[in-house]
Amino acid sequence: MKIATAQFTCVPADISANVRQMASLTDEARGQGAELVVFPELALTGYELEAVLARRDLWVQADDPRLDAVRASGVASVVNCVAPADGAPTGGERPAIETLVFGADGELVTTYRKQHLFEHEQDVFQAGRRDGRFELGGLRFALATCFDNHFSELVSRGADDGCQVHLASSLYGTGGGVEELATVYPGIAKNFNLYVVMANHVGPAGQWTGCGRSALWAPGGALLAQADAETPMVVTAEVG
C-alpha cells in the first residue's frame, strides 16, 4: 500500500483552520494514490502548550464535528491532538497527547496516548499507559509520538508484536532537531527491521521552528521519500 506523510505550518490554537489544511493535504495524498496519511504531533492545535492547558475547547474526541473534513476524506488518517485524559468531555485537570486513527470510511480504528512526555510536557499532560496498534491493508502498524521514539523498548514491543510499520507523529526543530530526526528514525528502521513513517512540523511550532523533512524509510534504514525543510507538502512511498 502507499502511505503519505504530511507536514504543514499549524495555525496556533485554531482547530478549524488546521483541519482545512489537513483536508487539503489529504486530497494531495489521495491524488498520489495514498491509502493512509500521517500528520505531525498536535496537528490540530499546533504545539501551543499554554493554550491547550487553558482552553478545554481545544481538547477533542474522535466524534468532534470539527474533524468531519478529515474523516470524510476517503483516506485513512493518523491525527494527533489534545484529548481529555479520561476520555470524558470534562476530563481530569491534565489532558493527554492522543493519536486518533480513522479508517477510509471515517470510523475510528484505534487511539494511542503518548507515553514518554518531553520535559515541559510533563507539567501539562498525563502520560499514556498502553501501546497503539492497528491493522490496515494486510499490514500491522505501531504508533508512537515524538519523544516516544527515543525509547527502544517501546519500538521493540511493536516489532515483537508483529508490526511491520512504525508511524510517528513528531515535532523536531531546526538546529539539533535536524540531526536527531536523521538519526532516530532510520535507526528504528535499521535496528528493528520496520518501515518507518515520520510526520514533522515545518515552520513556527510553539517555541520551536519545525525543520520539516517528513519522511518514510524502508526496513534496513534506506530512505524511501522525504519532504523538504520549508514547504507544507505530502510525500508518498510504497510500503509492505
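Placing a pseudo-label 7 Å from each Cα along the Cα-to-Cβ vector at MET1 and GLU121 gives an inter-label distance of 2.5 nm. Neighbours of ALA62, meaning other residues whose beta-carbon lies under 10 angstrom from its beta-carbon, give a summed charge of -3 when Lys and Arg score +1 and Asp and Glu score -1. Computed from phi, the 3J(HN,Hα) profile of region 44-51 under the Karplus parametrisation 6.51, -1.76, 1.60 (θ = phi - 60°) reads 6, 10, x, 7, 10, 5, 5, 5 Hz, with x in place of Gly and Pro.
Karplus-based coupling profile of region 183-192, in residue order and whole Hz: 9, 5, 7, x, x, 4, 4, 6, 6, 10, with θ = phi - 60° in 6.51 cos²θ - 1.76 cosθ + 1.60 and x standing for Gly or Pro. Secondary structure note: in the chain, about 70% of the DSSP beta bridges are antiparallel.
For the chain, modelled as a GNM whose springs connect Cα atoms under 10 angstrom apart, the maximal fluctuation among THR209, THR183, THR45 occurs at THR183. Placing a label point 7 Å from the Cα of ARG130 along the Cα-to-Cβ direction, the residues of region 25-64 whose backbone N falls under 18 Å of that point are 61-63. Dipole of the chain computed with +1 at Lys/Arg Cβ and -1 at Asp/Glu Cβ about the Cα centre; of LEU108, VAL79, GLN7, farthest Cα towards the positive end is LEU108. Of the residues LEU216, GLN61, GLY128, the one whose Cα sits farthest toward the positive end of the charge dipole of the chain, with +1 on the Cβ of Lys and Arg and -1 on the Cβ of Asp and Glu, is LEU216. Given +1 at the Cβ of Lys and Arg, -1 at the Cβ of Asp and Glu and no other charges, the dipole of region 29-88 around its Cα centre is 160 debye to the nearest 20.
Close amide-amide hydrogen proximity is noted between GLY206 and TYR47, each under 5 Å apart and 5 or more residues distant or on a separate chain (H modeled in the peptide plane; Pro and chain starts excluded).
A quarter of the convex hull surface defined by the alpha-carbon atoms of region 114-240 gives 7.6 nm² as the mean projection. Summarising the strand pairing of region 83-187, around 70 percent of its internal DSSP beta bridges are antiparallel.
Relative contact order of the chain: 22 percent, from C-alpha pairs under 8 Å at least 6 residues apart in sequence. Dipole magnitude for region 1-66: computed about the Cα centre from +1 point charges on Lys and Arg Cβ and -1 point charges on Asp and Glu Cβ, it is near 100 debye. Charge dipole (Cα centre; +1 on Lys/Arg Cβ, -1 on Asp/Glu Cβ; no other charges) of region 83-240 amounts to roughly 220 debye. If you plug the beta carbon distance of ALA54 and LYS190 into 1/(1 + (r/R0)^6) with R0 = 35 Å, you get a FRET efficiency near 0.25. Over region 140-240, Cα pairs under 8 Å with separation of 6+ residues give a relative contact order of 22 percent. Here the Debye sum runs over all C-alpha atoms of region 1-138 as equal scatterers in vacuum, and log10 of I(q)/I(0) at q = 0.12, 0.14, 0.15 Å⁻¹ comes out as -0.44, -0.60, -0.69. Nonpolar atom fraction for region 1-68, defined as the carbon and sulfur part of the 1.4 Å probe accessible area, stands at 47 percent. Per residue, the chain reaches -6500 deg cm²/dmol at 222 nm when only DSSP H runs of four or more residues are counted, each adding -39500 (n - 2.57).
The values are calculated or read from the model by the stated rules, or taken from the named source; none is laboratory data. Keep in mind the model is a prediction, meaning the values are calculated, not measured. Counting neighbours? That spans all protein chains shown, and the Cβs are built from the backbone with ideal geometry, glycine included. Keep in mind that these areas ignore ligands, DNA and RNA; they rest on the heavy atoms of the full protein, side chains included. Shrake-Rupley method; radii C 1.70, N 1.55, O 1.52, S 1.80 Å.
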